[in-house]
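Chemist: I have a structure I would like to understand better, so I am pasting it below and will then ask my questions one at a time.
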Amino acid sequence: MLTLEQIKDWLKIQDPDLNNCIAVGSIDGNKDKFIGVYPLKPSGSSQRICIGGVDQTRYQVRSVSILIHWTNKISTAEAKATAVYGLFYGLSGVVMGTTKVISADPGPAPIPVGKNSQGYCEYVIQIKFIYERT
C-alpha cells in the first residue's frame, strides 16, 4: 500500500529544504513554512477489485491532500505551491518507499485556501495516485 509516510519521504528527497518542515497528518501552524500530507476521502463507495478477485487486482488508487503553509507573502506561497505541484504533474513510473507509483494526477492547479489565523498563506494540492499493489 502507498502510505502517507512514503509520499512525505519522497517529497523530502525531491526538495531537501523540506527536511524539517513536513509532516503526515498535521502541520506546525506557528512556523512560517510547513507542508502537511493528509489522506483524502476516496471517491466512490468501494475499493477497486478486478474480476477474478484480489489475486487479479494489480493496481490500487490512493487520494492525498498536500497542504502548503508558506510565509505571509502570496507570491512566495504560490511559487512554492507551484513547485510542489510540478513534482507530481506528469509523474509516472517512480518508486516511493517500496511502492511503485504508476501515475499521479494533481488536478488542474494548486488551490489557494487563503491565510490562516497567523496570516500565513496556504494552498492545497489534491492528488490521485495509481500504484502497483504488492
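Where a number appears in this text, it was derived from the coordinates with a stated rule and is not lab data. Note that this is a predicted model, so its numbers are computed, not measured. Note that we place each Cβ from the backbone using ideal geometry, even for glycine, and neighbour counts take in every protein chain shown.
Chemist: Could you please find all residues in the stretch 62-82 being surrounded by 15 or more Cβ atoms within 10 Å (Cβ to Cβ) and part of a helix (DSSP H, G or I)?
Modeler: Ala77, Glu78, Lys80, Ala81, Thr82 - these are the residues of the stretch 62-82 that are surrounded by 15 or more Cβ atoms within 10 Å (Cβ to Cβ) and part of a helix (DSSP H, G or I).
Chemist: Additional query: Please verify whether Gly119 is assigned to a loop (DSSP other than H, G, I, E, B), small (Gly, Ala, Ser) and touching a residue at least 24 places away in the same chain (Cβ under 8 Å), treating the condition exactly as stated.
Modeler: yes
Chemist: Would you confirm, using the coordinates I've provided, whether Gln6 is surrounded by 13 or more Cβ atoms within 10 Å (Cβ to Cβ), in contact with a strand residue (DSSP E or B) (Cβ under 8 Å, 6 or more places away or on another chain) and in a strand (DSSP E or B)?
Modeler: Considered against the rule, which asks whether it is surrounded by 13 or more Cβ atoms within 10 Å (Cβ to Cβ), in contact with a strand residue (DSSP E or B) (Cβ under 8 Å, 6 or more places away or on another chain) and in a strand (DSSP E or B), Gln6 comes out as no.
Chemist: Now, a different point. Got a sec? Which of Tyr59, Tyr85 is touching a Phe, Trp or Tyr at 6+ places or on another chain (Cβ under 9 Å), among the hydroxyl-bearing types (Ser, Thr, Tyr) and buried (at least 16 other Cβ atoms within 10 Å of the Cβ)?
Modeler: Checking each option against the conditions leaves just Tyr85.
Chemist: Let me ask another. If you check Tyr38, Tyr85, Tyr131, which single one turns out to be under 14 Å from Leu11 (Cβ atoms), in a strand (DSSP E or B) and aromatic (Phe, Trp, Tyr)?
Modeler: Answer to the selection: Tyr38.
Chemist: Right, here's the next one. Could you grab me the full set of residues in the stretch 93-107 that are over 14 Å from the mean Cα position of the chain (by Cα) and free of Cβ contacts under 8 Å to residues at least 24 places away in the same chain?
Modeler: Answer for the stretch 93-107, where residues must be over 14 Å from the mean Cα position of the chain (by Cα) and free of Cβ contacts under 8 Å to residues at least 24 places away in the same chain: Gly93, Val95.
Chemist: If I ask for residues that are more than 22 Å from Thr76 (Cβ to Cβ) and outside any loop (DSSP other than H, G, I, E, B), which ones from the stretch 96-116 would you list?
Modeler: Correct list: Met96, Thr99, Lys100, Val101, Ile102, Ser103, Ala104, Asp105.
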